[in-house]
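So the structure is just underneath, and the comments pick up after that.
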Amino acid sequence: MPDILLSTLNAKYIHAAFGLRCLLANLGDLSDRASIAEFDINQRPLDIAEAILAANPLILGLGVYIWNVTPTAELVAILRRLRPQLIIVLGGPEVSHECEGQEIIRLADHVITGEADLAFAQLCRTLLDKEAPPPPHLLHTSVPDVTRLALPYALYKDADIAHRVIYVEASRGCPFTCEFCLSSLPIAVRQFPIDAFLEAMQHLFDRGVRQFKFVDRTFNLNLAISRRILRFFLDRWTLGLFVHFEMVPDRLPIELREIIAEFPAGALQFEVGIQTLNTEVEQRISRRQNHERLTDNFRWLRQDAGHGVHVHADLIAGLPGETLDSFARGFDRLVDYGPQEIQVGILKRLRGTPIVRHDVEWEMVYNPFPPYEVLSTKTLDFQTLANLRRFAKFWDIFDNSGNFSETIPSLWSPSAASNKPELLSPFHSVNTFSKWLHLQGVKGHGIALPRQYEFLWKWMTLELGRPAETVGPLLARDYRRPGRTDLPQWLIPWATGLAPSSRTAQLPRRQARHVTVMPSETILLPSADDA
């Protein structure tokens with residue numbers, strides 16, 4: 001039985017808790033007395049409590065995040081009643097700021113704010129030393145020197161490598177000051193020693209890891225380091241290798257372009273945080289972004305880079321001063337840039353972020369419960385934001401999924417909108433479809449794939465008046481494109497002579513739908529973003 005149990009509730013089973021592994025790696029001489037127990041938010045807190053109590057630890061460390069704070073608070077309350085002597089230590093962004101008034105903090109024995117890699121080990125030593133003076137309830141840590149930290153990658157088990165997302169980090173921090181993000185807090189960017197990091201990546205590669213997800217907020221900030229990491233993976237490229245990076249959208253100089261262009265199709269995914277294309281809103285929230293360079297970088301990634309990069313762009317709805325019209329213009333502009341996916345997120349008021357300074361002027365009203373999404377603003381009323389939430393979900397289902405890569409863009413083609421000019425806008429076209437789906441009683445989740453095709457068929461033929469002989473072949477080609485051999489009965493007349501397409505072998509399933517190749521053996525790997 002471990003003296004120290006590190007635990008958290010992941011958003012999904014497939015997500016491995018990187019933070020817990022960082023803590024365990026830095027326990028030093030206490031590491032043999034500690035273990036990790038991961039759960040997810042779909043499990044009942046009562047069942048999780050049973051598993052934790054069965055392990056009988058002296059100290060329980062819990063990672064608390066915006067997505068798990070509600071069930072974690074219930075878990076802590078249960079544990080406090082069943083085993084009052086259990087020492088509960090909390091950490092994570094949700095309990096690192098605005099600590100006053102949080103019930104989960106009141107119930108815990110200790111809370112470590114900030115990066116706890118070294119502080120948690122020191123606290124455990126103090127707690128296990130019966131003669132040491134009691135530590136304070138709230139421990140505010142200083143930013144650790146990452147060159148002193150032990151790397152956690154050996155703690156990924158074979159089962160993690162086989163079934164979970166493998167997270168890695170080459171740096172911490174962000175140089176930007178966007179007010180909606182915790183990275184806006186004044187913490188410098190720190191780089192892990194690159195030689196030791198690449199040696200650890202080699203060990204993971206040798207163990208069979210082929211999907212690496214970097215959690216660095218600004219991967220392409222240090223060009224020399226970025227090139228070394230890209231070259232490392234390019235030199236080891238093999239079938240199925242897939243590497244995910246978050247990147248600064250307006251920083252893609254020739255030194256990076258040259259090596260990016262060498263990667264095979266689909267091997268790289270760039271998550272590009274656009275957030276807004278409204279320059280007034282950017283200035284209001286202290287976001288710096290060069291639109292001219294951003295546009296050029298997107299053009300290069302989608303047209304000149306050999307289509308080797310899967311681009312996932314982020315856009316936020318509900319920022320202070322953003323209107324529906326300005327958001328729609330920004331969305332349409334982003335669609336024109338051509339990323340394979342656009343994730344529309346609703347603004348969240350993260351604890352500790354300076355976005356709250358706009359609350360009065362822009363009448364920002366947030367949900368008091370996690371994930372603290374904005375409910376209304378001075379320029380976006382409650383109903384408009386409710387519609388935008390549905391739009392985001394339906395866009396993810398029908399466009400980001402890659403299941404309708406030919407049909408969805410046809411919604412805003414000139415021929416489709418000949419008598420409805422407003423439908424030339426990708427946003428307004430899909431938003432109108434989204435409102436119609438809502439009126440049909442369709443929820444933004446759990447729609448079986450055949451039903452998705454039926455809804456599009458009805459919308460395009462019955463509501464928009466598009467000819468069946470135009471819509472049918474579009475839907476049939478989209479259905480067959482990922483290599484599916486079956487076909488809904490009603491689509492068969494439109495699939496005459498249509499053979500299944502094929503995808504790049506061993507890419508994550510969702511990304512693979514965006515990459516069409518010549519017919520070949522298709523091997524699709526599970527993806528954390530699979531839908």
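The values are calculated or read from the model by the stated rules, or taken from the named source; none is laboratory data. Just so it is clear, the structure is predicted and the values come from calculations on it, not from any experiment. Using ideal geometry, Cβ is built from the backbone for each residue, glycine included, and neighbour counts are taken over all protein chains shown.
Observations on the model:
- Out of Gln489, Gln452, sole residue that is modelled with pLDDT of 95 or more and more than 22 Å from Leu324 (Cα to Cα): Gln452
- Among the residues listed as Pro175, Pro193, the single one being touching a residue at least 24 places away in the same chain (Cβ under 8 Å) and touching a helix residue (DSSP H, G or I) at 6+ places or on another chain (Cβ under 7 Å): Pro193
- Scanning the range 142-156 for residues that are surrounded by 13 or more Cβ atoms within 10 Å (Cβ to Cβ) and within 23 Å of Ser35 (Cα to Cα) gives Pro144, Val146, Leu149, Ala150, Leu151, Pro152, Tyr153, Ala154, Leu155, Tyr156.
- Of everything in the range 88-106 that is β-branched (Val, Ile, Thr) and outside any helix (DSSP H, G or I), the residue that is farthest from Ala116 (Cα to Cα) is Ile88.
One line per residue, one yes/no per condition, for (1) of a type in the set (Val, Ile, Thr); (2) farther than 25 Å from Val311 by Cα; (3) modelled with pLDDT of 95 or more:
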{"position": "Thr379", "(1), (2), (3)": "yes, yes, yes"}
{"position": "Ala386", "(1), (2), (3)": "no, yes, yes"}
{"position": "Phe391", "(1), (2), (3)": "no, no, yes"}
{"position": "Phe394", "(1), (2), (3)": "no, no, yes"}
{"position": "Asn403", "(1), (2), (3)": "no, no, no"}
{"position": "Ile408", "(1), (2), (3)": "yes, no, yes"}
{"position": "Ser415", "(1), (2), (3)": "no, yes, no"}
{"position": "Lys458", "(1), (2), (3)": "no, yes, yes"}
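- Test for Ile36: is it touching a residue at least 60 places away in the same chain (Cβ under 8 Å), outside any helix (DSSP H, G or I), under 26 Å from Arg148 (Cβ atoms) and touching a helix residue (DSSP H, G or I) at 6+ places or on another chain (Cβ under 7 Å): yes
- Scanning the range 359-415 for residues that are aromatic (Phe, Trp, Tyr) and either in contact (Cβ under 8 Å) with a residue 40 or more places away in the chain or surrounded by fewer than 18 Cβ atoms within 10 Å (Cβ to Cβ) (or both) gives Trp362, Phe369, Tyr372, Phe382, Phe391, Phe394, Trp395, Phe398, Phe404.
- If the condition is being out of contact with any strand residue (DSSP E or B) (no Cβ under 7 Å at 6 or more places or on another chain), over 30 Å from Leu277 (Cα atoms) and of a type in the set (Phe, Trp, Tyr), then the range 154-205 contributes Phe197, Phe205.
- Any hit, the range 420-429, residues being on the phi < 0 side of the Ramachandran plot and under 24 Å from the mean Cα position of the chain (by Cα): yes
- Only a single criterion out of (1) assigned by TED's automatic domain parsing to the domain that holds Arg33; (2) acidic (Asp, Glu); (3) under 17 Å from Thr218 (Cβ atoms) is not satisfied by Asp129, namely (3).
- When the range 492-518 is filtered for residues that are outside any helix (DSSP H, G or I), modelled with pLDDT under 70 and not β-branched (Val, Ile, Thr), the ones remaining, listed by number, are Gly497, Leu498, Ala499, Pro500, Ser501, Ser502, Arg503, Ala505, Gln506, Leu507, Arg513, Met518.
For every residue, the table says whether it meets (1) surrounded by fewer than 14 Cβ atoms within 10 Å (Cβ to Cβ); (2) assigned to a helix (DSSP H, G or I); (3) more than 28 Å from the chain's Cα centre (by Cα); (4) of a type in the set (A, V, I, L, M).
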residue: Arg451; (1), (2), (3), (4): yes, yes, no, no
residue: Phe455; (1), (2), (3), (4): no, yes, no, no
residue: Met460; (1), (2), (3), (4): no, yes, yes, yes
residue: Glu469; (1), (2), (3), (4): yes, yes, yes, no
residue: Ala476; (1), (2), (3), (4): no, yes, yes, yes
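- The range 313-352: number of residues that are over 19 Å from the mean Cα position of the chain (by Cα), in a loop (DSSP other than H, G, I, E, B) and surrounded by fewer than 20 Cβ atoms within 10 Å (Cβ to Cβ): 4
- Residue within the range 332-345 that is of a type in the set (Phe, Trp, Tyr), within 30 Å of Gly240 (Cβ to Cβ) and outside the structural domain of Thr276 (by TED's automatic domain parsing) present: no
- Scanning the range 457-489 for residues that are of a type in the set (A, V, I, L, M, F, W, C) and either within 19 Å of Pro414 (Cβ to Cβ) or not assigned by TED's automatic domain parsing to the domain that holds Leu411 (or both) yields Trp459, Met460, Leu464, Val471, Leu474.
- Unmet requirement for Leu62, which otherwise passes all of (1) surrounded by fewer than 19 Cβ atoms within 10 Å (Cβ to Cβ); (2) part of a strand (DSSP E or B); (3) not aromatic (Phe, Trp, Tyr): (1)
Every residue, every condition in (1) at pLDDT 95 or above; (2) touching a Pro at 6+ places or on another chain (Cβ under 8 Å); (3) of a type in the set (S, T, N, Q); (4) surrounded by fewer than 16 Cβ atoms within 10 Å (Cβ to Cβ), yes or no:
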{"residue": "Leu20", "(1), (2), (3), (4)": "yes, no, no, no"}
{"residue": "Ala25", "(1), (2), (3), (4)": "yes, yes, no, no"}
{"residue": "Leu30", "(1), (2), (3), (4)": "yes, no, no, no"}
{"residue": "Ala34", "(1), (2), (3), (4)": "yes, yes, no, no"}
{"residue": "Phe39", "(1), (2), (3), (4)": "yes, no, no, no"}
{"residue": "Asp47", "(1), (2), (3), (4)": "yes, no, no, yes"}
{"residue": "Leu53", "(1), (2), (3), (4)": "yes, no, no, yes"}
